[in-house]
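The structure appears below as structure tokens.
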Amino acid sequence: MSDSQKITETVAKFMPDKESDPLIHKHGYIGKPFSRVDGQLKVKGEARFTAEFKIDNLVYAALVCSTIAKGRAVKIDASEAEKVPGFIAVITHENAPKMKAPPLQDITDISKGFAASNLPVLDNKVNWDGQPLAVVVAETLDQAEYAASLVRVEYEVETPSVSFDDLKAEAVVPSDILGEPPEVKIGDADKGLAEAEVTVDNIYRTPRYNHNAIEPHATIAAWDDDGNLTIFDSTQTVNLYKHTLAGIFSLKPEEVRVIGPFVGGGFGGKGGLWTNTPLCAAAAKVAKRPVKLVLSREGVFRVVGGRTVSEQRVALGANKDGKFTALIHSGTTATTTHAKNPEQFTFPARHLYASDNIFIGQKVVNLDTVANTWMRAPGESIGTFALESAIDELAYKLNIDPIELRRINEPEKDPTRGTEFSSRNLIEAYKRGAEKFGWSGRNPEPSSQRDGKWLIGQGVATAYYPVYRFPATARVRISADGTAIVQAAANEMGMGTATVQIQHAAERLGLPIDKVSFHYGDSDLPDAPIMAGGSSQTGTIVAAVQAAVEKAHRELLALAGDDYDSPLASTKYEQIEARDSGLFRTDEANKGETYSSMLQRAGQDFVEVEASSEMPLEVMNYSMASYGAHFCEVRVSEESGEVRVSRWLGSFDCGRILNPKTAASQFRGGIIMGIGMALTEETLFDERKGRIMNRSLAEYHVPVNLDVPHIEIIYNDIPDEQAPLGAHGIGEIGITGAAAAVANAIFHASGKRVRDLPITLDKLL
Ligand code: MOS
């Protein structure tokens with residue numbers, strides 16, 4: 001039995017535990033708090049993650065990584081490694097199978113796959129500290145790691161460009177920011193600022209961050225005798241990995257299969273392919289055995305990039321009544337010549353506030369580092385820190401409540417695109433949040449609330465993340481036994497993807513929820529660029545499944561044809577609805593037939609179709625985004641500067657919520673990451689050597705349970721008519737604005753405004 005079969009078999013046990021309002025559809029599956037269908041497998045330890053697949057004849061790989069940031073490996077001496085018992089092979093640029101450099105990650109064209117960097121997979125030219133230079137394969141993991149430690153590399157060292165502070169003055173305007181113009185000018189922002197009655201104009205800094213998913217990057221690679229490559233991988237996109245790997249190894253896409261039913265966290269770090277995956281495949285080719293390569297925690301810091309550093313300026317001008325006369329958000333990030341990732345920190349400012357005068361501008365500086373990459377809400381999370389801190393600063397200067405200031409500047413249309421909003425109820429989210437959080441009881445005066453040595457403060461900030469959707473393909477099989485299988489090359493990192501898609505398919509097919517299975521996590525499923533990224537996956541699959549179900553229904557009607565034994569003879573698609581395990585006429589309630597009956601009459605065991613969704617025209621025609629309002633309460637110790645987040649409420653506006661339980665979990669996960677971003681997380685980077693200094697969870701601090709209070713989640717649940725199922729993506733919205741909410745609460749508590757993250761004790765004393 002496959003894992004995905006096992007998953008769907010558990011679904012019947014997870015019926016809803018409370019009635020929700022019947023916003024949608026007659027069967028009531030949408031909007032109900034189903035528990036995750038993969039939950040039981042996970043708590044029982046039966047969910048198999050990449051490194052746990054049992055493969056015969058498996059051997060192990062370990063990496064040898066560069067200890068300099070720039071130069072050339074002139075000699076790689078593995079003679080001592082070869083003497084280690086169990087040693088099988090060492091793979092360097094000299095004996096590796098031919099690998100083509102992959103194309104860059106670029107969500108404007110994801111058809112050919114992409115990697116996080118377009119450097120050759122294995123090369124003796126060193127581009128960053130930590131770059132893999134050799135792979136050692138041995139019979140056991142210990143032998144591989146020990147042998148790898150004995151490989152000696154001689155370098156020709158060059159001086160790397162690794163200091164952001166030294167080089168930021170030379171920053172340039174990139175060609176585009178994720179397909180959007182790098183600069184936007186509306187009116188005259190400098191003039192608007194000069195003429196404003198009240199202004200704020202400050203620099204905000206955010207450090208580097210690194211990915212620390214619980215499951216490190218892992219791969220098992222195996223070649224068969226015909227030269228087909230099978231990869232088990234912890235990836236956010238089996239399908240795009242398939243295409244990228246096919247390109248690297250000059251294979252046809254159908255000669256590569258990528259399998260990954262469970263992923264222990266990705267957050268953007270498993271979206272673009274990193275070198276560990278093709279290196280594992282190359283090692284398997286040389287060793288002529290299946291190879292497993294699991295990155296150590298340190299290995300993830302070396303091989304996988306994180307979020308870039310940023311320096312941002314936000315300048316706001318307003319009249320005394322609070323109306324903006326100017327909005328400027330500009331700044332610089334670091335990327336590399338072998339990545340294309342400026343980090344879209346100005347995206348929120350392009351869409352959140354009305355002003356006659358706007359200037360948006362981003363610059364980048366190229367450094368000799370590992371490729372920076374997506375990290376949960378890339379750009380938006382650090383951009384909202386700066387923007388939403390500045391709004392709070394202006395509110396204090398104006399003596400206007402920060403929620404009221406946002407209401408005053410709420411735009412009617414998208415301020416930079418000029419398009420209508422498909423659905424935007426941010427102010428409603430603030431209203432509901434304020435009421436529930438008790439905002440009106442707050443004394444706005446800084447340092448006015450205390451409990452012994454603890455100063456108490458509350459802050460708000462806006463969350464913003466755009467809606468993305470990609471055209472995709474899904475397959476639906478409706479069987480005569482009254483069951484259905486829905487298939488899409490989707491990816492489950494624990495968000496509830498399978499759960500929500502089963503809810504959706506059961507609703508659309510009119511089948512009981514325990515009769516519907518969802519298969520995913522395998523690139524042999526319909527070929528489509530589906531990615532658990534950009535908060536796009538749910539809408540992307542929903543639209544494809546919708547197309548496939550419609551096609552299946554049309555085929556079933558065609559089977560009935562004009563056979564007068566069928567109650568659906570000569571019925572048009574427009575006349576039917578799916579319910580009670582079949583199709584029924586909408587004009588004559590009794591006229592209809594179950595799927596089983598239709599298929600039996602036609603002498604078929606099943607009907608199976610594949611269909612693709614349309615281009616995401618809605619995203620082009622409308623301004624579409626998820627929104628939210630964070631309410632954060634902190635306690636700041638007057639003695640030590642220690643900050644405790646004591647209360648949190650997130651009030652979201654993300655269209656229709658498909659599953660309150662999995663959605664709340666997504667929102668909370670984002671907010672917890674935001675708390676980390678605000679208070680603890682920081683990659684310590686040696687600006688002389690270009691080396692990350694805290695490559696472990698002992699020194700790279702993420703929030704633990706005691707750092708996180710109960711997080712209350714509420715949402716508007718107002719469907720967006722333009723979006724599939726009325727739902728916006730919710731994977732990334734939670735972290736956006738969260739760090740600003742903490743910073744604003746800290747200012748309210750202590751009177752100290754910190755504009756560079758993380759807000760550690762030393763900055764508050
Ligand atoms: Mo998200 S950073 O697109 O995985």
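The values are calculated or read from the model by the stated rules, or taken from the named source; none is laboratory data. Keep in mind the model is a prediction, meaning the values are calculated, not measured. Cβ: placed from backbone, ideal geometry, glycine included. Neighbour counts: every protein chain shown. These accessible areas exclude ligands, DNA and RNA; they are computed on the full protein's heavy atoms, side chains included. Shrake-Rupley method; radii C 1.70, N 1.55, O 1.52, S 1.80 Å.
Just a few scattered comments:
- Cα gyration tensor, the range 580-623 - rounded (a/c under 1.5), prolate or oblate: oblate
- Placed amide H near THR325: partners under 5 Å, 5+ positions off or other chain: GLY317, ALA318, ASN319
- Inter-centroid distance (Cα atoms) of the range 451-466 relative to the range 709-765, Å: 9
- Inter-centroid distance (Cα atoms) of the range 234-285 relative to the range 601-619, Å: 27
- Peptides 335-346, 35-46, 199-210, 471-482 ranked from most to least packed by the mean count of surrounding Cβ atoms within 10 Å: 335-346, 471-482, 199-210, 35-46.
- Surface calculation, 1.4 Å probe, protein heavy atoms: VAL286 sits at approximately 50 Å² accessible.
- Pairs from the table (LYS185/LYS431; LYS112/LYS285; LYS75/LYS98; LYS340/LYS763; LYS32/LYS515) lying more than 27 angstrom apart at Cα are LYS185/LYS431; LYS340/LYS763.
- With coordinates expressed along the principal axes, the C-alpha atoms belonging to the chain extend over 80, 73, 49 Å, beginning with the largest.
- Whether the range 54-145 is rounded, prolate or oblate, judged on the alpha carbon gyration tensor where a/c under 1.5 counts as rounded: oblate
- Helical content of the chain, expressed as a calculated mean residue ellipticity at 222 nm, amounts to -7000 deg cm²/dmol (DSSP H runs of 4 or more residues, -39,500 (n - 2.57) each, divided by residue number, nearest 500).
- Counted by Cβ distance under 12 Å from ARG688, the other residues give a net charge of -3, where Lys and Arg count +1 and Asp and Glu count -1.
- Ratio of Rg to Rh over the range 377-503 (Cα coordinates, Kirkwood Rh, two decimals): 1.14
- For the range 518-608, the list of chymotrypsin sites (Phe, Trp or Tyr not before Pro) that fall in a loop by DSSP and count at most 12 other C-beta atoms within 10 angstrom reads TYR564.
- Over the range 555-701, Cα pairs under 8 Å with separation of 6+ residues give a relative contact order of 11 percent.
- Relative packing of 327-334, 565-572, which averages over residues the other C-beta atoms within 10 Å, highest first: 327-334, 565-572
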